[in-house]
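The values are calculated or read from the model by the stated rules, or taken from the named source; none is laboratory data. Every value quoted in this text rests on a predicted model; they were computed, and no experiment measured them. Ideal geometry is used to build each Cβ from the backbone, glycine not excepted, and the neighbour counts take in all protein chains shown. Accessible surface is based on the protein model in full, side chains and every heavy atom, while ligands, DNA and RNA are left aside. Shrake-Rupley method; radii C 1.70, N 1.55, O 1.52, S 1.80 Å.
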Amino acid sequence: MEVIYLLIPVALLLVVAIIAGFFWAIRSGQFDDLAGPAHSILMDDEDTDPMIQNKNSQQ
Amino acid sequence: MALAAVTSLDLDCFHCGLPVPATHAVRQALSDQTLNFCCPGCAAVASAIHGAGLDNYYSLRSEKGLKANAEALEEDFDIYDHPAVQQSFVRKLDGATKEAALVLQGITCAACVWLNEKHLSSLEGVESVDVNYSNHQALVRWDDTRIKLSDILREITCIGYTAHPYDPNHRQALLNHERKQFLRRIGVAAALGMQVMILSVALYAGDWWGMESDFRDFFQRICLLLTTGVLVYSGRTFFSGAWRDLRIGHLGMDVPIALGLSIAFVASTWATLSGSGKIYFDSVVMFVLLVLAARYVELNNRMRAASIIDRKIPLLPSSATRIDHFSNTEHHSVIPCVELHPGNRILVKPGEVIAADGIIMDGTASIDESILTGESLPVARSLGEKVIAGSVNIDSPIKVEVTNVGQDTVLSDIERLLQRAQNGKSKFTQLTDQIAGYFVAGVMSVAGFVASYWLWQGSDIWLQATIAVLIVSCPCALSLATPAAMSAATSRALKNGILITREHALEALQAATHFVFDKTGTLTKGSIVLDSIELLANTPDQRCLDIAAALERNSEHPLAKAIVTRVGMDSISLVATDITNTPGEGMTGKIAGRAYIIGKPSFVLSVLDRTGDFNAYLQDERTTVMLAVKSEPLCLFRFQDEVRPETEQVVRMLKNKNKVIAMLTGDRQTIADKVANSIGIETVYADHTPVQKLEVIDELNNQSAKTAMIGDGINDAPVMGGASVSIAMSDTANITSANADILLINKDLSSLVQALELASKTNSVIRQNMVWAIAYNIIAIPLAAIGYVPPWAAAIGMSVSSAFVILNSSRLLSERSV
């Protein structure tokens with residue numbers, strides 16, 4: 001069971017890493033818009049391809 | 001995909017969905033079909049969208065686009081390339097890359113976000129576009145050597161949106177900063193708190209089944225370390241809040257929280273270090289996390305409320321074009337708005353936002369005052385008329401003499417009135433604040449009593465019970481009950497063009513039993529229409545109208561305009577020559593060689609020299625016009641103030657709600673009766689002077705009726721002061737002088753019904769909040785005092801209680817609430 005003296009500090013290091021990641025996410029604006037990206041998945045797929053885009057406008 | 005996905009059979013504009021005027025519809029072929037547009041602007045926008053291959057927008061959007069204005073397409077954006085102008089909203093990144101923060105007007109659905117991002121990022125030189133759907137901000141990065149900011153702005157206009165520079169000093173930015181700080185605190189509390197929880201579960205299990213004391217001490221010390229982290233980073237806000245409260249000698253809700261946390265933490269630390277006694281680290285971290293989460297939700301609600309207001313109240317431009325005169329030549333210079341002073345003259349080009357209140361000195365233009373009034377149709381303003389800061393000049397350049405700048409503008413007044421309502425301390429709020437103060441004091445003494453009682457009893461639950469009492473009590477539910485609901489309600493109301501200026505207004509409106517309406521300008525439009533034609537000779541009435549319209553077509557007199565409006569400017573078939581105007585009296589002119597006279601009956605008859613014959617017609621001089629040829633009177637036009645179309649429905653809906661309705665007017669009995677009959681009002685007090693009007697209201701008040709007075713807020717100010725709640729149909733120009741509790745700034749009487757519904761909804765939300773807050777505390781505190789509530793349950797109970805109040809209030813913000 002002595003391994004717990006190793007595992008808990010490791011867990012704490014992980015927590016520190018998680019918090020660092022979370023702070024980065026906040027700073028880079030990941031939480032700024034929680035409504036828009038949900039919609040963007042519906043829209044982006046077709047027109048990145050110019051062929052399909054042309055077809056769209058010709059129909 | 002075919003554009004036909006959206007039906008275009010009806011005569012609504014394909015782009016913006018407004019009705020297409022039958023006389024000048026714009027038809028344009030797009031892909032394989034011809035579509036109807038209401039104006040060239042919308043057609044241009046649609047073809048720009050189509051041309052960029054972005055037709056998807058029309059199938060994906062959930063709301064119609066905003067009406068485009070053709071002139072904005074030609075707006076001069078070059079000013080935005082100026083480094084001085086860019087200073088406030090553009091950041092220089094490495095190299096030639098720049099980043100601008102913009103606010104996009106016209107975003108109504110997620111498809112708009114998509115359209116803007118797609119269109120802009122397809123431009124040469126634009127590096128990235130990021131449109132935020134929640135707050136309608138756009139961050140645009142571009143390479144300054146390949147494209148200019150003005151080009152980007154022009155492109156945004158081309159697809160039908162308007163971009164404004166985003167001012168970071170805005171309240172939204174401050175709230176945003178606060179929100180990020182909150183998120184970090186919550187994140188730390190959650191991440192560290194979870195570790196504490198895991199270890200605590202192990203410790204609880206150890207208590208049950210036994211555990212080596214080495215491990216127990218190790219776990220407890222780790223818990224101590226983690227909890228210290230949570231308290232120092234995340235819980236600091238409670239301690240600084242409590243300290244601030246204590247310093248100003250006020251018992252706020254942070255005080256018991258801080259005290260509870262301190263006692264629990266110190267006791268647990270002692271237990272850890274001495275190796276005996278219970279630890280409450282799990283309760284501490286959970287409490288911090290849950291209270292932070294509840295406050296975060298509240299902050300988000302406030303941000304939503306603020307963003308509704310921000311979208312409604314536009315940013316003033318940062319610069320204006322000042323006109324100076326040097327030795328008789330006009331000199332135009334672009335100056336920052338802070339340098340504008342009353343008396344300056346500014347040039348406002350089409351598409352520009354007017355930077356200050358002022359009077360038009362030259363030019364006539366349609367002004368879009370929708371941001372202030374919610375009214376989507378622009379109004380015509382010409383020489384000598386007032387324009388207000390924040391409204392948009394739609395079609396032609398005007399020169400404006402500045403009368404008010406900055407804090408003195410109508411726009412600032414609106415913001416101030418709004419703040420007064422939102423922050424204003426009504427008696428009721430002050431009372432709940434006071435009660436909350438006493439409540440906290442009470443909780444502290446109960447906690448002290450509980451501690452000493454259990455200690456005296458020699459019971460070891462004293463610590464647990466004391467902590468639980470401090471934590472479980474929820475003064476915040478009590479003190480948030482009213483303000484949270486009010487701030488949501490006022491924001492919601494403003495969105496519909498209802499400006500609530502005093503906090504008690506909604507409460508009083510719901511309680512009102514008698515609705516008393518002023519007539520002119522309230523039930524009626526305050527504008528004149530032609531009511532009837534009385535023929536005095538054999539000439540048919542259509543002929544009389546044609547003649548009158550031909551004579552009056554260029555007159556500015558309201559009665560003349562009413563005749564021309566009736567006939568229609570485009571369908572005037574006759575041409576009058578030799579027109580002479582006698583101001584205030586009437587005019588003469590020749591049509592097909594015959595001389596006609598039109599004007600006040602007294603004027604016409606005196607010209608004809610037949611004053612004696614028509615005495616009967618000389619009474620209603622204000623509302624009649626006579627037309628005559630040579631010596632023969634042809635007809636008499638009678639005019640009437642037009643009743644607002646929505647009035648009848650409003651009266652009916654108020655009656656359905658069992659409200660008593662009356663009309664109170666200074667106008668003559670016959671006219672008042674006619675209007676009253678047409679809209680179904682039975683009680684009419686006509687011919688009343690302002691003093692008599694006030695007597696009527698006082699009399700009603702004496703009969704213990706609660707009166708709501710609806711007027712224009714200017715002429716009947718004293719009467720409105722007498723009513724228990726006053727509502728003004730306010731012209732934006734009069735906002736400061738309109739001394740009313742509620743202003744219907746969209747000038748739509750049906751908002752009254754909306755306001756009433758919002759009022760009853762708000763009041764029931766406040767009542768629910770209060771009942772909840774009181775009931776919760778009455779039940780929870782005694783339970784905690786007798787030791788039935790473990791600290792962790794107290795933490796959950798308290799947070800759920802505040803969350804209930806906050807979420808319940810936020811229902812008022814949602815679309816469906818009105």
Seminar exercise, completed: Dipole check, the range B:113-261, charges on Cβ (K,R +1; D,E -1), about Cα centroid: among B:Gly252, B:Phe239, B:Ala191 the Cα furthest to the positive pole belongs to B:Gly252
Exercise. What is the spin-label model distance, in nm, from B:Trp456 to B:Asn538 if the labels are put 7 Å beyond Cα along the C-beta direction?
Worked result: 11.3 nm
Exercise. When the chain is fully extended, how far beyond the present Cα-Cα distance does B:Ala96 get from B:Ala29, taking 0.36 nm per residue of separation?
Worked result: 20.0 nm
Seminar exercise, completed: Taking a crude spin-label model, label points 7 Å out from Cα along the C-beta direction, the B:Asn702 to A:Phe23 distance in nm is 7.2 nm
Problem set entry | Relative contact order computed over the range B:428-529 (Cα-Cα under 8 Å; 6+ residues apart), in percent | 21 percent
Exercise. Which whole number gives the average count of other chain Cβ atoms within 10 Å of the Cβ atoms across peptide B:182-191?
Worked result: 4
Problem set entry | Most to least packed among B:285-294, B:572-581, B:691-700, B:747-756 [average Cβ atoms within 10 Å] | B:285-294, B:747-756, B:691-700, B:572-581
For this session: Partner chain Cβ atoms within 10 Å, averaged over the residues of A:9-16 - can you pull that number for me?
Result: 3
For this session: Please tell me which of these pairs span more than 19 angstrom C-alpha to C-alpha: B:Lys657/B:Lys706; B:Lys561/B:Lys747; B:Lys495/B:Lys761; B:Lys98/B:Lys180; B:Lys600/B:Lys630; B:Lys519/B:Lys761?
Result: B:Lys561/B:Lys747; B:Lys98/B:Lys180; B:Lys519/B:Lys761
Seminar exercise, completed: Per-residue average of other protein chain Cβ atoms inside 10 Å, peptide B:251-257 -> 0
Seminar exercise, completed: So the FRET efficiency between B:Gln692 and B:Glu401, C-beta based with R0 = 35 Å and rounded to 0.05, is 0.30
Problem set entry | Distance between modelled label sites at B:Asp324 and B:Leu123, nm, 7 Å Cα→Cβ extension | 3.2 nm
Exercise. What accessible area, summed over both chains, is buried at the B-A interface (1.4 Å probe, Å², nearest 100)?
Worked result: 2800 Å²
Problem set entry | Cα pair count fraction exceeding 26 Å, expressed as % - the range B:443-595 | 63 percent
Exercise. How do B:786-795, B:677-686, B:437-446 rank on mean C-beta neighbours within 10 Å, highest first?
Worked result: B:786-795, B:437-446, B:677-686
Problem set entry | Per-peptide average of other Cβ atoms within 10 Å, ordering B:540-552, B:652-664 highest first | B:540-552, B:652-664
